[in-house]
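Taking it in order: structure first as C-alpha cells, then the write-up.
The values are calculated or read from the model by the stated rules, or taken from the named source; none is laboratory data. None of these values were measured; they are calculated from a predicted model. Cβ placement follows ideal geometry from the backbone for every residue including glycine, while neighbour counts extend to all protein chains displayed.
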Amino acid sequence: MARVGVFVCFCGANIADYVDVPQVVEEVKRIKEVKFATEYKYMCSDPGQGMIRDAIIQYKLTSIVVAACSPRMHEKTFRKALSDAGMNPYLLEVANIREHSSWVHQKDKKAATNKAMDLCRMAVAKSIANEQLHEISVPVTKRALVIGGGIAGIQAALDIADARIPVVLVERSPSIGGKMAQLDETFPTLDCAQCILTPKMVDVASHPYIELIPYSEVIELQGFVGNYKVKIKKKASYVNFKTCTGCGACWQKCPVKVANEYNMGIDKRKAIYTPFPQAVPNKPVIDAEHCTMLLKGKCGICAKVCDKGSIDYTMQDEIIEREIGAVVVATGYDMWDPTPYEEYGVGRFKDIITSLEFERMVSANGPTNGVPVRPSDGKVPKNVVFIKCVGSRDEAKGIEYCSKICCMYTTKHTILLHHKVHDSHAYVFYMDIRAAGKGYEEFVKKAQVDTGTTYLRGRVSKIYKKGDKLMVRGEDAQIGQVVEVEADLVVLATAVSAPKDNPNLARLLGISYDKYGYLSEAHPKLRPVETAKAGIFLAGCTQAPKDIPETVSQASACAAKVCGLFAGDTMKKDPMVSSINNEYCSGCQNCLNACPYGAIVTEDVAIGHGSKDLRTVAKINEGVCQGCGSCVAICRSTAITLAGFTDSQIINEIVSI
Amino acid sequence: MEAEVKDQLVSIEKPELIAPPNWEPVIMGILCNWCSYAGSDLTGTSRIQYPPNIRIIRVPCSSRVDPWFLIKSLQTTADGVLVSGCHPGDCHYISGNYFARRRFLVTKKLLNFVGFHENRIQFSWVSAAEGPKFAKVVNKVTEDIKKLGPLHLYKKENFEK
C-alpha cells in the first residue's frame, strides 16, 4: 500500500494569508494513504527540504506531495530533495496551491482553502499511481548549424568553431556578409564596416571547423536537441566552385544587366555575378531568373570566355543533409518598405531615398564612388533632409516599436554627408533622440556641433515638389510652428522589420514568432538567446532590432550556449516519454501519423512465444520521443503509456475530488 | 434531419433538478503544460481573480487529452470541463493541438448527441503570455456551467433515488 507524505507550504504569507494551511493539513491527513502530513513556512528552503528528506526515511514514504507554488517553479528543487533522501525523484507530485488558489482567490479564504484541499487530494491520488522513472541518456552530435551569414551568423560560427566544434554555416545569398557588408562606416566609432567585417568573412571561409554552404536554404529540420537532422537546399549556381578561380572574365563579358541588390538597385549588375568585390566565397553565380542562356537557350558567352570550363548550365539544385546537435538562427532583418507614406510622395519623387540607399551612395565602394547624388538629375545635393521614425513608432503604419538603430545611423549619415559634401547642410526631423549605448550620446552631441545640422523636433506632414526641389513641410514642436525646408534630397530613416520569411522558417524549425515576425526568445529577460525549443538559439536582429555591438554579443552568447550543450558526450533527457505494450498493440499504425517527431516506427514481432509467424507492431524510439502524449490518446487499444502522465494517474486525479 | 433526431432524444440535462442553495459547480480544467498551464500561472502571478470552481490538471499537450478524461469527469466529479492548449500554430509539440482540436470537435458532437448541453465541455487556446485571457475564459466557463445547473444524472446518488 502506498505511503504518501504531504508537505504544505505557507510561502511566507503568499499562501498562508489566503488559504487556511493547518486546515488543509488536517484534511489531507484523513486520506487513508497519507501517512504523514505537515506544514512549513518555506518548503523550498533548506530546512523545508530537510523536513522532506527526514520524513521519507522516518515514515518509509513511497511518494511525496508538496503543496506549494507552481511545479514550473520548484518541481526540480523538490525532485532533488527526494533524490537526496535516496528516493526516486519522479515519485514527487506538486499541488499548485499558490498560482492556482491563494493568488487567484484572495477575497474568499474558505473557497481558496477548499480548492487547495481538492488540489492536494488530486496530487495525492496522482502520486499513488506514480512510478519510478530514470533519466534517459542520449548521445549528442557535436556539430552546430548556423542559419544566416550576416555579422551575427559569422560571429556565432567563428566562436563555436574556435572551440573546435564543427559548424555548418548556411547563407541564402551567394556571399556571406549580410547587411553589415552594405554599410559604409559604423557608429559610434566611424570604423569602416568593410575593414572590420571582411577579415572575419575570410576567417569563416578558411576556418578548418566551418563548412560554409552559400546560396542555399534550410528546408527541413527533424529530430530533437543534440540529434537534429537538417536538409539544406543548395541552389544551382551553374558555376563549378571547385574549378572557378574567380577571375571575373565571365561577368565582365555577360551582356545581361540586372538591378544590383547590393547597391539597392542604384546601378546594374550582370546575370552572372558576385554580389560585391569582397564577396566570400568570391565565386560568381548565375541568376537563373535573368540569364538568357537558361531562359531561352541563347548566349553562352560566359561559358566561352571561361578558361577553366567552370560554367555548367545543366547544374541542378542539390539537397545536402547534415546531422547536427544545435541550431543558431541569425536571419537578420529587412528594411521596411516606406510605400505606405503616400504623404511623403514615396515612389512619386525620385529624390526621396531610403537610408540604406544613402548608405550605398556615400560608401567608398558604392555606385557613385562615395558621393551622394540626386537620383533625378545626378547633381550633388546641398540641402539634405533626414526624416526619422519612418515606419517606426507609428501604429497607423503597422510598426509600434522603436527600431533602435535609426537615431544613431541618421547621426552618422549627417557626418558622412558633411565629410563628402563640405558645403552641404543637413536637417533632421525627429521625434526623440534615443542614444542609449556606450559612447552614443557623446557621438550625437559631437556630430551636432561638428556638422552644424539643424535638428527639428516634429513629424513631417507633407513633401511636395517645387521646381526641381522638394519642399518638406513639418512641425517644429519646440517653437510650435509649421516649418518648410527646401531640400535637394530627402532621406527616410526607414524602420527595421522582421525578415519576411521568418514565419515560414519558424514553422520549419518548430519555434514561435511574435506579431511582427521576430522570432521569440524563451524568456525576454532571463533567457534571451534560447528559444522555447531546446537546442535552438537566436542571434541578432531576427529576435528584435539591435545594433552591431548587441548583435555580436548575442551571437557570442549563442556560441557559449552551444558549447555548453556540447560539453558532455551524452545528454540527460527527461524520462517522461511514451512506451508501447506489444501485447496490446494491434498494429493499426495510427500513432505513426500522430507523432510529430517521427519517433514511432514499426517492427515485426513473433505472434506468440516461440512462434515463427510475425505480426507488425509499433515501436517508440525513446531518444526521439518528446513526451507530448499525442500517440497515447490516439491509440485505440490503449497499448501506449506516457510515463508521468499515465491514464491511471490522470483518471485518479479526476475521480479524487 | 439533425434537428428531428435532437427532438427525439431524451436529454441528460434535467432542468427540473433545481440546484440546491449555495451550490457551486466543479469544473475540471485540463491544461497543456507549455501554454495554458503557464498562462494560468501568469494569472496567479498577476493576482488576477477568478471564480474558485476550477480544478486544474496538467498534461504535457492538449493532444494527450483522451475523450475518456472528459467523459469520466462529467460522469464522476465535474459539472463541466475546460480543455485548453496552445494557439493553433504555436504548439510546443509542433502539431499536437491540431489533433486535439479535431478530436474535441467529435467528442463534443458525441456528448451533445447523447444529451449533454454543449457548454458542458469547452475548449480554448490560451498562450503562456495570456494571464488575463485565462481568467476571462474561466469566468465565462463558470458562468455557463452555473446557468446549466448541477449535472448528476449519472452520479451514484441519482440512481439511488
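Data for the structure
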{"item": "Odd one out for A:E171 among (1) closer than 30 Å to A:D317 by Cβ; (2) touching a Gly at 6+ places or on another chain (Cβ under 8 Å); (3) surrounded by fewer than 24 Cβ atoms within 10 Å (Cβ to Cβ)", "result": "(3)"}
{"item": "Members of segment B:88-103 that are in contact (Cβ under 8 Å) with a residue 40 or more places away in the chain and more than 9 Å from every other protein chain (Cβ to nearest Cβ)", "result": "B:N97"}
{"item": "Flag for A:S630 being within 14 Å of chain B (Cβ to nearest Cβ) and in contact with a helix residue (DSSP H, G or I) (Cβ under 6 Å, 6 or more places away or on another chain)", "result": "yes"}
{"item": "Candidate set from segment B:62-81 (those that are hydrophobic (A, V, I, L, M, F, W, C) and either over 12 Å from the mean Cα position of the chain (by Cα) or facing chain A (nearest Cβ under 9 Å) (or both)); member that is surrounded by the fewest Cβ atoms within 10 Å (Cβ to Cβ)", "result": "B:W68"}
{"item": "Single residue of A:D488, A:D468, A:D501 found to be surrounded by 20 or more Cβ atoms within 10 Å (Cβ to Cβ), among the charged types (D, E, K, R) and touching a residue at least 60 places away in the same chain (Cβ under 8 Å)", "result": "A:D488"}
{"item": "Failed item, numbered, when A:H419 is tested on (1) assigned to a helix (DSSP H, G or I); (2) modelled with pLDDT of 95 or more; (3) over 15 Å from A:A493 (Cα atoms)", "result": "(2)"}
{"item": "Only one of A:Y401, A:Y409 that is assigned to a loop (DSSP other than H, G, I, E, B), within 25 Å of the chain's Cα centre (by Cα) and touching a residue at least 60 places away in the same chain (Cβ under 8 Å)", "result": "A:Y401"}
{"item": "Those residues of segment B:1-50 which are at pLDDT below 90 and hydroxyl-bearing (S, T, Y), in sequence order", "result": "B:S11"}
{"item": "Residue within segment A:504-513 that is touching a helix residue (DSSP H, G or I) at 6+ places or on another chain (Cβ under 7 Å), under 21 Å from A:V225 (Cβ atoms), crowded, with 23+ Cβ neighbours inside 10 Å and within 14 Å of chain B (Cβ to nearest Cβ) present", "result": "yes"}
{"item": "Flag for A:V346 being of a type in the set (A, V, I, L, M), over 30 Å from A:Y516 (Cβ atoms) and surrounded by fewer than 24 Cβ atoms within 10 Å (Cβ to Cβ)", "result": "no"}
{"item": "Output for segment A:645-657, where each listed residue is more than 7 Å from chain B (Cβ to nearest Cβ) and crowded, with 21+ Cβ neighbours inside 10 Å", "result": "A:Q649"}
{"item": "Strands (runs of 3 or more DSSP E) contained entirely in segment A:1-93, each with at least 1 residues that are of a type in the set (S, T, Y)", "result": "A:34-40, A:63-68"}
{"item": "Residue among A:E357, A:E343 that is out of contact with any His (no Cβ under 9 Å at 6 or more places or on another chain), assigned to a helix (DSSP H, G or I) and more than 23 Å from A:F276 (Cα to Cα)", "result": "A:E343"}
{"item": "Filtered residues of segment B:59-98 (kept if of a type in the set (D, E, K, R) and more than 19 Å from A:A522 (Cβ to Cβ))", "result": "B:R64, B:D66, B:K72, B:D79"}
{"item": "Only listed residue being crowded, with 17+ Cβ neighbours inside 10 Å, among the aliphatic types (A, V, I, L, M) and part of a loop (DSSP other than H, G, I, E, B), chosen from A:M576, A:M571", "result": "A:M576"}
{"item": "Looking only at segment A:548-575, and only at residues there that are among the charged types (D, E, K, R) and modelled with pLDDT of 95 or more, the one that is farthest from A:C625 (Cα to Cα)", "result": "A:E550"}
{"item": "Hits in segment A:594-627 (condition: without any contact (Cβ under 8 Å) to a residue 12 or more places away in the chain and within 14 Å of chain B (Cβ to nearest Cβ))", "result": "none"}
{"item": "Matching option when the condition is under 27 Å from A:D337 (Cα atoms), modelled with pLDDT under 95, over 15 Å from the mean Cα position of the chain (by Cα) and crowded, with 16+ Cβ neighbours inside 10 Å, among A:E475, A:E521", "result": "A:E475"}
{"item": "When residues of segment A:98-157 are limited to those that are acidic (D, E) and free of Cβ contacts under 8 Å to residues at least 40 places away in the same chain, the one nearest to the other protein chains (Cβ to nearest Cβ)", "result": "A:E99"}
{"item": "So A:G309, is it part of a loop (DSSP other than H, G, I, E, B), modelled with pLDDT under 95, assigned by TED's automatic domain parsing to the domain that holds A:C192 and surrounded by fewer than 19 Cβ atoms within 10 Å (Cβ to Cβ)", "result": "yes"}
{"item": "Any pair with Cβ under 9 angstrom, 6 or more apart, that starts in segment A:189-212 at a residue that is within 30 Å of A:E441 (Cβ to Cβ) and ends at one that is in a helix (DSSP H, G or I) and of a type in the set (D, E, K, R)", "result": "A:L190/A:K412"}
{"item": "Qualifying residue in segment A:46-56 (condition: within 14 Å of chain B (Cβ to nearest Cβ) and in contact with a Phe, Trp or Tyr (Cβ under 9 Å, 6 or more places away or on another chain))", "result": "no"}
{"item": "Strands (runs of 3 or more DSSP E) wholly inside segment A:480-548 containing at least 3 residues that are outside the structural domain of A:K469 (by TED's automatic domain parsing)", "result": "A:536-538"}
{"item": "Flag if A:I548 is over 23 Å from B:V59 (Cα atoms) and either more than 13 Å from every other protein chain (Cβ to nearest Cβ) or touching a residue at least 40 places away in the same chain (Cβ under 8 Å) (or both)", "result": "yes"}
{"item": "Unique match (being closer than 23 Å to B:G44 by Cα and among the acidic types (D, E)) among A:D54, A:D20, A:D46", "result": "A:D20"}
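Residue-wise test of (1) without any contact (Cβ under 8 Å) to a residue 24 or more places away in the chain; (2) among the hydrophobic types (A, V, I, L, M, F, W, C); (3) part of a loop (DSSP other than H, G, I, E, B).
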position: A:E289; (1), (2), (3): yes, no, yes
position: A:L295; (1), (2), (3): yes, yes, no
position: A:Y313; (1), (2), (3): no, no, yes
position: A:R322; (1), (2), (3): no, no, no
